[in-house]
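Have a look at the structure below, then the notes.
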Amino acid sequence: MAIDKVREYLKRWNREEDIMEFDVSSATVELAAEAVGVIPARICKTLSFRDGEDGCILIETAGDAKIDNRKFKDFFHQKARMLTPEEVVEYTGHEIGGVCAFAIEHPNVRIYSDISMKRFETVFPACGSSNSAIELTCGELHEYSGSLEWIDVCKGWQEETEEA
């Protein structure tokens, strides 16, 4: 099971015992927020996109953020095209609903963290199953996931500023 791989992976930081497993599904942002007991924005969702012909881009974002296609294209120099559920498993080893950026073994996966999460002290990513999560600081998430850098490719999470 993918959660067992994540548990083993998190041992290097002595965090394997911090994984929470729920009796209910945490497969969506809303369900995860309910299971954890936090607002949906504090759930870290991991979105997966094609990267050329044989690669994958994973972007960790806040639960209330959406990919901004223009920002994505400006940063990655390609259109945002999400993976199929089968491709997600192939690249990440995790099923939809439990996708996280931990214990990724595929060599052609690049991982990024979106700044939408930085407004929170801690966030809650999944741990490889549709009924798990772990509470991490943004710094821990960035480190444990092997994220390459903090990027700004999301919208919908900031309050729009009104111009006078």
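The values are calculated or read from the model by the stated rules, or taken from the named source; none is laboratory data. In this text the structure is predicted, and so the values were computed from the model without any measurement. All Cβ positions, glycine included, derive from the backbone under ideal geometry; neighbour counts span all protein chains shown. To get the accessible areas, we keep the full protein, side chains included, count just its heavy atoms, and leave off ligands, DNA and RNA. Shrake-Rupley method; radii C 1.70, N 1.55, O 1.52, S 1.80 Å.
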Query raised in the report: If we keep just the residues of the stretch 8-20 that are open to solvent by 60 Å² or more (accessible area, probe 1.4 Å) and basic (Lys, Arg), which is nearest to GLU143 (Cα to Cα)?
Result: ARG12
Requested in this report: Working carefully through the options ALA41, ALA35, ALA101, find the one that is in a helix (DSSP H, G or I), in contact with an Asp or Glu (Cβ under 9 Å, 6 or more places away or on another chain) and either free of Cβ contacts under 8 Å to residues at least 12 places away in the same chain or surrounded by 21 or more Cβ atoms within 10 Å (Cβ to Cβ) (or both).
Outcome: ALA35
Query raised in the report: Quick one: would you say TYR91 is touching a Gly at 6+ places or on another chain (Cβ under 9 Å) and not in a loop (DSSP other than H, G, I, E, B)?
Result: yes
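Specify which of the listed residues (ASP23, ASP74) is at negative phi, in contact (Cβ under 8 Å) with a residue 24 or more places away in the chain, open to solvent by 10 Å² or more (accessible area, probe 1.4 Å) and acidic (Asp, Glu). So that I can check it myself, show each step before the final result.
Working: ASP74 fails: in contact (Cβ under 8 Å) with a residue 24 or more places away in the chain.
Every option except ASP23 fails the conditions.
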Requested in this report: With the checklist (1) under 16 Å from the mean Cα position of the chain (by Cα); (2) surrounded by fewer than 13 Cβ atoms within 10 Å (Cβ to Cβ) in hand, flag the one item PRO107 doesn't pass.
Outcome: (1)
